[in-house]
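Enquirer: Before I ask anything, let me first share the structure, which is written out below as structure tokens.
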Amino acid sequence: MTPTAKSPTRHRRRGPALEAALLEAAWDELVQVGFAKLTMESVAARAGTGVAVLYRRWANKDELALSALERYRIDHPIGLPDTGTLRGDLLAALTAMGEARAAFFAVATATAFSGLLAGSGLTPAQIRDRILGEERTSRIATLYQRAHDRGEIDLERIPSAVLTLPFDLVRHDLVMDLKPVKPARIRSIVDELVLPLAQDG
């Protein structure tokens, strides 16, 4: 008696694995067709699932796009350098940020100006805070705390705006140019703006 052939078993994705697949599909749609042409149906089709699965997690494509941007940023972290000096740390951190985040900001900027700002009702600052999360503050705090502990700067005397300035300038350049920031520009930010302000603080 010949054994009965079994049909291949399909493994259904659930929980975090399913959500990760949905957000990856949404990111791919943002990259390939853009926010204006992205639909809940197109993301569901790319993910190989039903559209109802998406609507159980996100109310509309605005929320889905924001979550996809946030997830991509979380899944592609930027290392925090420890060169032994504030200047070295800033140069390394800003260079890594400019290289790693160029594609991300290109997609995020295109998404925002393709209807996300109007559709979500959020301000540019609110969208920035949503997709960047704690990256805007936690990594910066660690970098400067090391410099403070080494005696290079006195954090109590430096305005917070000075500490965020180099990172905000690099993000501005990424949004404006949609490509990695040039080394000369990064050196100028660090040597001509930030270090004089921080060390004179």
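Just so you know, all these numbers are worked out from the coordinates, no wet-lab data involved. What you are looking at is a predicted structure, and each value in this text was computed from that prediction instead of being measured. Cβ sites come from the backbone with ideal geometry, for glycine too, and all protein chains shown count toward neighbours.
Enquirer: For Q145 and A17, calculate 0.36 nm times their separation in residues minus their Cα-Cα distance, and state this gained length in nm to one decimal.
Expert: This chain segment gains 42.4 nm when fully extended.
Enquirer: Report, in debye and to the nearest 20, how large the dipole of the chain comes out about its Cα centre when Lys and Arg carry +1 and Asp and Glu carry -1 on their Cβ.
Expert: 1040 debye
Enquirer: Ok, one more. How fast does the range 15-72 diffuse by Stokes-Einstein, in µm²/s, taking the Kirkwood radius from C-alpha pairs at 37 °C and 0.692 mPa s?
Expert: Translational D for this selection: 304 µm²/s.
Enquirer: Beyond 26 Å, what share of the Cα-Cα pairs of the chain is found? Please give it as a whole percent.
Expert: It works out to 45 percent of all Cα pairs.
Enquirer: By count of other Cβ within 10 Å, fewest leading, how are S160, S67 ordered?
Expert: Going from sparsest to densest Cβ surroundings: S160, S67.
Enquirer: I would also like to ask the following. Would you calculate a helix-derived [θ] at 222 nm for the chain, using -39,500 (n - 2.57) for each DSSP H run of n ≥ 4 and dividing by the full residue count, to the nearest 500?
Expert: Result for the chain, helices only: -19000 deg cm²/dmol.
Enquirer: Follow-up question, since we're still on this one. So how do 189-195, 21-27 stack up, highest first, on mean other-Cβ count within 10 Å?
Expert: Put in order of decreasing packing, that is 21-27, 189-195.
Enquirer: Pull up the cross-link candidates among the aspartates and glutamates for K182, meaning alpha carbon to alpha carbon under 12 Å and not fewer than 8 places away within one chain.
Expert: Partners within reach: E99, D173.
Enquirer: Another question about this same structure. Give me the number: length gained by fully extending R57 to A184, i.e. 0.36 nm times residue separation minus the C-alpha to C-alpha distance, one decimal in nm.
Expert: Once the chain is fully extended between R57 and A184, it gains 41.3 nm.
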